[in-house]
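The values are calculated or read from the model by the stated rules, or taken from the named source; none is laboratory data. Bear in mind the structure is a predicted one, so any value in this text is a computation, not a measurement. Ideal geometry is used to build each Cβ from the backbone, glycine not excepted, and the neighbour counts take in all protein chains shown. Heads up: the accessible areas ignore ligands, DNA and RNA and are worked out on the full protein's heavy atoms, side chains in. Shrake-Rupley method; radii C 1.70, N 1.55, O 1.52, S 1.80 Å.
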Amino acid sequence: MKGGVTEEHLYLAYSHQFEDCIFPLHTSISLFLLSYCDCKLFKVFLVPASDSTDDQLFGKAQPDDLEVHFISRCQLPLVVQSCCLPAIVEENGKFCRAGLSVVLRHIIQKTYEVDPSKKLVLELLGFKKTCLKACAEVSQWTRLCEISIPQAVESLLNASPDQCQAIPPEVLLLEKKLGEPVRVHNDDKIRRQKLQQQKAGDKTAAPALAKRATKNLSPEEGTIVEIKDQEESASLELKVAFSKLVVQEIPATTNREPSHIRKTKTSDLPPLEHVFAEGLYFTLADVVLLPCIHQFLVFIKKHNKKLLDLPLISSWYNRVQEVLGVKSAAAKCNMLFLQFPDLPSFPDEQLRDFYTIPDDLEEEHEDYQFIGGPRPTMTKLMESGIEAKFSPHPCPRWTLDWNSLPAAVSPGEGKMSSDRALRKQQQLNNLVSMVTKLSKPGDVVVDFCSGGGHVGIVLAHMLPSCQVVLIENKELSLVRAKDRSDELGLQNIWFVQANLDYFKGTFNIGVALHACGVATDMVIEHCIKAHAAFVICPCCYGFIQNTVKFTFPRSHRFKEVLSYKEHMILCRFADQTAVQLPPERRLIGKHCMGLVDLDRAWAAEGCNYSVQVMSMEPESCSPKNNMVVGVPI
């Protein structure tokens, strides 16, 4: 305990050190954030990649005021051994947070929780506190910051000089994104203010506004940037950014914009330009990118490569250094910043000539128009001998004796209505019956996308000889599940706040209740890689779409018959099973659900699995009542 705060342990991977950087870059990023936040709340451990890693080399890039310990992987808590680093685990070893974004967000939240005066630290989480909160599996931006750029820079630094002739496409993609218009909360008002300034041709007010902002702006209203009073001109983007921030301070009694400004169409307003990675404000994304881009630029300078292709990254790098606290954090980590002259920006058509970004890094922007119903697609499948098939439920009347169970086991403890709690109990009867049938003593059962732990807690209670792991990306849901588990005194349960990809442990059965959209496909893939059985109830078919990891249809047979667009039509109509819809429409929705899950089942069967698609009993327990059960052959 530190001042009444439970001490948590932070585990960071350590492979090697080169000059002022510790590898992997995720470790350098984590140490940099600790320095920026001036956070001493965690006991920090470095985990060498192998027994031969020389820990004596560590030191130069270590923050000066941070005590760091070494620990071998075999000495890690068992729950941490099942996860990718970085990871944070609570003192009792049951609750683990894994993956870069989850760990960094927790460091920020914990820092502010202990010292509420550090509001500027909390502002790193951005508007609505959602910065890098979306999973890397589905968010291209999170994936770029958290995975793609760190990996690309590491690969560049580890390669021989003659293999490094081109700028990594991931870095080029960042340059492209820094050139895209900024979209922020209340941007219409800020864009009109910018238009008004442009119309007025006010070339003298901006520096004064920038100085005023640096003196008067509070942490809640934006980012404080160090600008020396003697500087008569800061960068144009900083001037615009601070003038926009000051606009937010104008009282409601201030005169409205001139009529010609108010009447300007939104489409005719000038776009907002990037000041920082996510727009106008310094956020966690900048903290993640800074050590990576710094190492990239050090490499560029060392090998005499030109930066003319990256004017926006160069300007961003210079600008981030001026954020209050960044230079002192860098000094603690022995990062020696470089300085680059402002480089000319290129017109869009010229930029396109520079960018050769692989398709798998670009977001899908195809705007499919789903015109008409699903009948032509269903008919096309039927003509090819493909129809939805539902296997009989092996134990349709199996039920838990809910009245005899402790109150904390019941989903009603999640503060839901009695009707919904009854339906949730019926759903759980189906999943628990199948897992009970498949499990044996000593098995590890993983509840993916566990939410508040309705499935995992029942399984941990009913299968005391099995280890149950709850994996969920949303912290509040997992904390609620842990509170219920503590009330029951369960000892065979772990909680992991992480994206699915950061769980690397071995397990025997994977289960998921209403895994949304492609999350179902991610769970199936995870189970197949682990050679584990799975019991999954899919949900949100309408959210299914091609991602970096998955393309649809999934199975070879469906791909021979349907295009991606046709498969998406099935997915959209599979979501139309709500009880308030007409019976005929619900029946079509159920049939589409069956076809989508048949495609999933056949894809898994291609990996040597025996898979059945069945309906939960009673079907009224949920509009999304399919259950997909797979067992490795």
Legend entry - Ranked packing of 168-181, 384-397, most packed first, by mean Cβ within 10 Å: 168-181, 384-397
Inset, instruction - Taking H placed 1.01 Å from N in the peptide plane, check which residues at least 5 places from His514 or on another chain put their amide H under 5 Å from its amide H. - result: Cys537
Legend entry - Distance between modelled label sites at Cys395 and Val548, nm, 7 Å Cα→Cβ extension: 4.0 nm
Inset, instruction - Just reorder Glu560, Glu7, Glu278 by solvent-accessible area, largest first, 1.4 Å probe, all chains present. - result: Glu560, Glu278, Glu7
Inset, instruction - Just add up the charged neighbours of Val455: K/R +1, D/E -1, any other residue whose Cβ is under 13 Å from the Cβ of Val455. - result: 0
Inset, instruction - Please work out the C-alpha center-to-center distance from region 107-163 to region 446-462 and express it in whole Å. - result: 29 Å
Inset, instruction - With a 1.4 Å probe and all protein chains in place, put Met614, Met378 in order of accessible area, largest first. - result: Met378, Met614
Inset, instruction - Work out how much length Arg586 to Ser50 would gain on full extension: take 0.36 nm times their residue separation and subtract the Cα-Cα distance, in nm to one decimal. - result: 187.3 nm
Legend entry - Residue pairs, from the table Lys43/Lys110; Lys118/Lys327; Lys129/Lys474; Lys504/Lys549; Lys389/Lys565; Lys133/Lys474, whose Cα atoms sit over 20 Å apart: Lys389/Lys565
Inset, instruction - Assign one of three labels to region 62-173, namely rounded, prolate or oblate, based on the Cα gyration tensor with a ≥ b ≥ c the square roots of its eigenvalues; rounded applies when a/c is under 1.5, prolate when it is not and a/b is larger than b/c, and oblate otherwise. - result: oblate
Inset, instruction - Please say if region 561-633 is rounded, prolate or oblate, where rounded means a/c under 1.5 for a ≥ b ≥ c the square roots of the C-alpha gyration tensor eigenvalues, and otherwise the choice is prolate for a/b larger than b/c and oblate otherwise? - result: oblate
Inset, instruction - Could you please put Thr520, Thr6 in sequence from largest to smallest accessible area, using a 1.4 Å probe? - result: Thr6, Thr520
Inset, instruction - At 0.36 nm per residue, minus the direct Cα-Cα distance, what do Asp486 and Ser404 gain on full extension? Give it in nm, one decimal, please. - result: 27.6 nm
